[in-house]
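The structure under discussion appears below in the form of structure tokens.
The values are calculated or read from the model by the stated rules, or taken from the named source; none is laboratory data. Keep in mind it's a predicted model, so treat the numbers as computed, not measured. Every residue, glycine as well, gets a Cβ built from its backbone with ideal geometry; the counts of neighbours run over all protein chains shown. With ligands, DNA and RNA removed, areas are computed over all heavy atoms of the protein, side chains included. Shrake-Rupley method; radii C 1.70, N 1.55, O 1.52, S 1.80 Å.
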Amino acid sequence: MSWEPVLKAVGQAVNGQSEAAKAALEKCWDETVEEDHAQRCVLAHYLADQQENLQSETRWDEQSLTEFTYLQDGDLAAIGVPSTAGFAPSLHLNLGDDYLRAGRVQDAEDQVVRAQQSVARLPEEGYGAMIRDGVRRLQGRVEAANAAL
């Protein structure tokens, strides 16, 4: 499958949670094959945000990270990510947030550590600053949860 329908579906998802975005992403997912790791990583990442319950969101975020492990450095260039490593912090941030909301504090902390290890690859401004801020906020929430235990 070409990236065109994936990018169109992602564009819908970026505008927020909607049945149309979810349906478009699911259609693209159904049209991928197991070896389409880059597309499946991106689709799962955005499908997670379209879910109405935490369990489904977590499953999609875990799927996205699983697909990510198969990627080579330039595999996400089609979506404007020149180095695949730049996508990792966002994946870990999202999964860590899922885990924390599910009460899985240690798993969330592990994802924060993994996100922190990969944020150095992000630009200082824009997207990189947004992800760094998200990781810092998640770390604070994890620390608060640990203190409450």
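Points worth noting:
- Helical contribution to [θ] at 222 nm, DSSP H n ≥ 4, -39,500 (n - 2.57), averaged over the chain, rounded to 500: -22500 deg cm²/dmol
- Protection proxy ranking, peptides 38-44, 62-68, average beta carbon neighbours within 10 Å, highest first: 38-44, 62-68
- Accessible surface of the chain, 1.4 Å probe, proportion on carbon and sulfur as whole %: 49 percent
- At the residue level, Lys27 shows approximately 120 square angstrom of accessible surface with a 1.4 angstrom probe and all protein chains present.
- Candidates Ala85, Ala115, Ala23, ranked by Gaussian network fluctuation over the chain, Cα under 10 Å, top entry: Ala23
- With all protein chains in place and ligands, DNA and RNA left out, the 1.4 Å accessible area ranks Met1, Met130 as Met130, Met1, largest first.
- Annotation: per residue accessible area for the stretch 1-73 equals 55 Å², rounded to a whole number [probe 1.4 Å, protein chains only].
- Solvent-free Debye scattering, log10 I(q)/I(0), computed from the Cα coordinates of the chain at q = 0.18, 0.20 Å⁻¹: -1.08, -1.29
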